[in-house]
Structure formats: C-alpha cells, structure tokens
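What follows is calculated from the coordinates using simple rules that are stated; it is not laboratory data. Please read all numbers here as calculations on a predicted model, not as lab measurements. When we count neighbours, we look across all protein chains shown, and the Cβ atoms used for this are built from the backbone with ideal geometry, even at glycine.
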Amino acid sequence: MFQVLKNFYHKLGSFPWFYKISGKVIPIVGFFSISLIVISSIWGLFFSPTDAVQGDVYRIIYFHVPAVSVSQVIYYSMSVAAAVFLIWRMKMAGVYIKSLAPIGAAFTFIGLLSGAIWGQPTWGTWWVWDARLTSTLVLFLFYLAIIGMQSTFTSRKSADTAVSIITLVGVVNLPIVKKSVDWWNTLHQPASISISGGSSISSEMLIPLLLSILGVYLFVFFTGLLFMRAEISSREQNKEWFKKLSSNN
Amino acid sequence: MIYPIKILKKEFLIYSRKSSSFISPVVFFLISISLYPIGISNDPDILKNLAPGLIWITVLLSTLISFQNIFSEDYEDGSIELLLASGQNLSLIVLIKIFVNWIFSCLPIIILSVLSVFLLYFPQEGLKPLIISLLIGTPTICLFGALAGALSLGKNSITGPALMLPLSLPVLILGTQAINYSLNGINFSSNILLLTAILIFLLPIILFASVGALKLHFN
C-alpha cells in the first residue's frame, strides 16, 4: 500500500505523466462537478423548505458555505504543497500553488460577497467587524499577497520559493489571527455543520447543502487541474515531450 | 564569537551616521499624532477613547517607512552577497540587523508616544500598558518587516506592505486591547503574555524564512 502511494507521489512530480492523466480526468470531474452544482442549486433554491426564522433569504447558504469552506481548504492544501516544494524541491508543488491561489482568492471573495448579501436582509448590515468575517478578510489578503508576489520575480524558481515561504508563514499566522479576532469580537452565528458534533440544521436542508459542498469541491478540483495544465504548458512549451505532444494533435 | 559583535558594531555605526534612518519615522509619528486632533476632533473625550488605537496604528505605519532599510542598502552595495558567501550563521546576522533596526526605528517612537498624554489627552494611568505593549509588540512587527523587506529586495512594489500588515493584525489587536483593558480596570497581563508568546514563537520561524528569502536573490 505504502509502495503504491510512494509510486503515485513520484509519478505526480512528472509533468508529462500529469499532463496525460489530467487530460483524461478533467472531463469526468467537470461533468460531475457541474451537474452536482446544478442539481444542488435547483434543489436548494426551489425544493428545500423555507427557514422558520430567516425565510427564503437563508437559501444563499448553498453558495456561501461551500465557498467559505473551500477557500480555507485550498489555503491549507497550498501550505502542504509549499512545504513539499521547500523540502523536496518538487516543481509540481510550485505549479500547484501558483494555479490554486487565484481560485482560492476567487472563492474567498465569493464567500465574503455572499455573506454580505446574506447579512443585509437578515442582520440589517452588509459588513460587521466580527471574528469570522475579519479572519476571512485576512485570508483574502494573504491570497492577494501570494498572487502579488508571483509577479515580482523574474525567475520561475525564485518566485515559487518566495511564494512557498509566504504561504507557510501565513499558515503559521492564520490560527493566531483567528484566535486573536475571536477574543476581540464575535457576532457571527456559530457554524451550522460540524463533523464531530452533528449539525444544527434539518436534513431536508442539509442534503442539498452537502451536495453543493461536494459539487464546489469537485469544481475546484476541475478548475485546479485546468489551471495547472495551462501553467505546465506555459512552463514546458520548449521541452521535447511537449512539442511532440502538440505536433501529434 | 567575535564576529557577531563586529556586525553589531558595524550596524550601529551605519545607523547612527545615517540620521534619516531614525529621524524619518519620528517625524512621521509626530506629524500624524498632531494631525489626528485636527482631522477628527479636538474634543478630549473623543480623542481619549481613540488614542490607544491611533497610537498603535501610527507605530505600525511608521515601521513601513523603515522596514526596507534592514536589507536594501546592503543589497545595493553588495555586502549581503559577501555575508551569504562568508559561511557565517546567517540567522544570527539577520537577528542582529533586525535588532539594530528596532532600536533605531521603533525605540524613539515608543519613547515619543509619551507625548500622546498631552496631544491626544491620553490618560496617564494608561501609559504603563502602552509602553509595555509597544516594547513587546513592535519587535514582532519588525520581524514581519524583515521578512517583507527580504522578499521585496530591489523592487519597489506594494507587496512588502501588503504582506506585512495582515500578518501584524494579532499584534495590533492584542496591543490595543491591553491598553483598553487597563483603562477599564481589567487585568491586562494575559495580553502581554500572549504578545510575548507570539514573539517567541514567530522569532525562529521568521528568521529562518528571511534567510531563505535573502538567498533567493543570489542564485
């Protein structure tokens, strides 16, 4: 088992192998992610029951929760990739961070925006300086710093290393930011779903929510593969294997 | 052991002979502190409530003036390259540089922040937590400044401040909270301990990261 994993990890580091495999995986993942998002949106927007307290406004949860949760997961996965890049100098990890940063920033932005749209009719304000909102905003700023740092280096390898350093320093700092804003001010409703403690929403609302979360995660996987392929083809366009591949098609 | 002391001496000489390195943060601080009453209000009650945050934010912004001093001149005249090639312990050298930068750019401001008692009607009993929180909080900010400076060497871009300010958020929160706690009669020692913990925890990580960032520029 361990040998298989190790083998897979080594193969993952090879650009030609990844390019070949991702080309086969992308259509399948893309189909499932988009159909899941469509199904869960229709289910959530038209068929799930109206909330007793918040009315129909709550339905934005089917966009808000997946976006916010995936934005954090992307950042943590990027920090794992950053460690891999700094320790083993695996070029694929650099490609991963560069491709996933804009996706993460986009989903953080969607999360902040949908939260503001949700908050306006429910709590009567677009924005409060509350712990969760503030730490999500800081996450967004970290993403922006990562994206901004990409462009200041001319050498690909230096840019990847710099970005890995920032990502790791950011991931060390994120829990501190989260805790300190927690003590500072908290107004946001507590998380509706938790893995350990069960959930505080009814199953008729929960199932489409879980479907939409799954759909968004698959969508990130799908777009991530697309972005990584684009990045690989721009980095490797002068390599022998890539020329051979593009002349065949 | 003699080598670090030599570096320390050299850094002190450079900073003390280049007066702009410690005068410009001080001037920035004095100008902003005197602008707040003009821009916001000259009502003592309003200023008294805003003073802790205003002082902390001004200190934070004034470090933005000085953080590029830590490495930029050494980078331009090539001495960083020599240090990298010398085989000496780089983390120690970076630590010395950050320490001297802190003494020349942050310490004068911390001393001057006493002036806020007159200019911002800051209550005198709040001075002790103000000075303590600044003394413990600003080294952490200088660490972030060193990392941002090392990453953005030779480039005049917004990325340095854009990296540094979100990182400094916990220090800002805990620092201003300590002052507000003590003004309301609550024990503020937990905040000071947390600031110390953050400093001790981040010190080795940031030093390591800054050395890595410095090496990037010389492949």
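Equivalent ellipsoid semi-axes for region A:122-185, as square roots of 5 times the alpha carbon gyration tensor eigenvalues: give them largest first, rounded to whole Å.
30, 14, 5
Which whole-number percentage describes the relative contact order of chain B, with Cα contacts under 8 Å and a sequence gap of 6 or more?
Relative contact order comes out at 26 percent.
Run lengths n ≥ 4 of DSSP H only: what is the helix-derived mean residue ellipticity at 222 nm for the protein assembly as shown, with -39500 (n - 2.57) per run over all residues, to the nearest 500?
Result for the protein assembly as shown, helices only: -26500 deg cm²/dmol.
What does the convex hull of the Cα atoms come to per residue for chain B, in Å³?
Once divided by residue count, the hull of chain B is 120 Å³.
By how many degrees, between 0 and 90 and to the nearest 10, does the Cα long axis of helix A:15-42 differ from the longest principal axis of chain A?
20
So for the pair A:GLU204, A:ILE34, with labels modelled 7 Å out along Cα→Cβ, what separation do we get in nm?
Placing both labels 7 Å along Cα→Cβ, they lie 3.2 nm apart.
Taking every eigenvalue of the Cα gyration tensor of the protein assembly as shown, multiplying by 5 and rooting it, what semi-axes result, largest first, whole Å?
Semi-axes (√(5λ), whole Å): 42, 34, 17.
Relative contact order for chain A using alpha-carbon pairs under 8 Å, separation at least 6, rounded to a whole percent?
33
Place a label point 7 angstrom from the Cα of A:VAL172 along the Cα-to-Cβ direction, then list the residues of region B:183-219 whose backbone nitrogen is under 20 Å away.
Output list for this probe position: B:193-217.
Please give, to one decimal in nm, the separation of the simple spin-label points placed at B:PHE99 and A:GLU231, each 7 Å out from Cα toward the Cβ.
Here the modelled spin labels are 3.9 nm apart.
Could you state the orientation-averaged shadow area of the convex hull built on the Cα atoms of region B:115-199, in nm² to one decimal?
Mean projected area for region B:115-199: 6.3 nm², to one decimal.
For region A:215-249 and region B:117-134, compute the distance between their C-alpha centroids and round to whole Å.
Value for the Cα centre distance between the two parts: 58 Å.
Can you give me the pair-distance distribution of region A:85-135, C-alpha pairs, 10 Å bins, whole percents?
Percent of Cα pairs in each bin: 22, 33, 20, 17, 7, 0.
Kirkwood hydrodynamic radius of chain A from all distinct Cα pairs, in Å?
Final number for the Kirkwood radius of chain A is 19.9 Å.
Just counting partner chain Cβ atoms within 10 Å, what average do the residues of peptide A:137-150 show around their Cβ?
4
Over 21 Å between Cα atoms: which of B:LYS97/B:LYS128; A:LYS6/A:LYS243; A:LYS11/A:LYS239; A:LYS178/B:LYS97; A:LYS24/A:LYS243; A:LYS11/A:LYS91 fall into that group?
Over 21 Å Cα-Cα: B:LYS97/B:LYS128; A:LYS6/A:LYS243; A:LYS178/B:LYS97.
Would you mind getting me the FRET efficiency between A:ILE42 and A:TRP126? Use the beta-carbon distance for r and R0 = 25 Å, nearest 0.05.
So, using R0 = 25 Å, E works out to roughly 0.35.
Per residue of B:198-211, count partner chain C-beta atoms within 10 Å of its C-beta, then hand back the mean as an integer.
2
Can you compute log10 of I(q)/I(0) for region A:1-113 with the Debye formula, treating each Cα as one identical point scatterer, at q = 0.19 Å⁻¹?
Debye intensities relative to I(0), on a log10 scale: -1.12.
Rounded if a/c is under 1.5, else prolate if a/b is larger than b/c, else oblate: which is region A:73-173, with a ≥ b ≥ c the root eigenvalues of its Cα gyration tensor?
prolate
Would you mind ranking B:TRP56, B:TRP102 so that the residue whose beta carbon has the fewest other beta carbons within 10 Å leads the list?
B:TRP102, B:TRP56
Which of A:PHE15, A:PHE153, A:PHE222 moves most in a GNM of chain A, Cα contacts under 10 Å?
Result for chain A, Cα springs under 10 Å: A:PHE153 fluctuates most.
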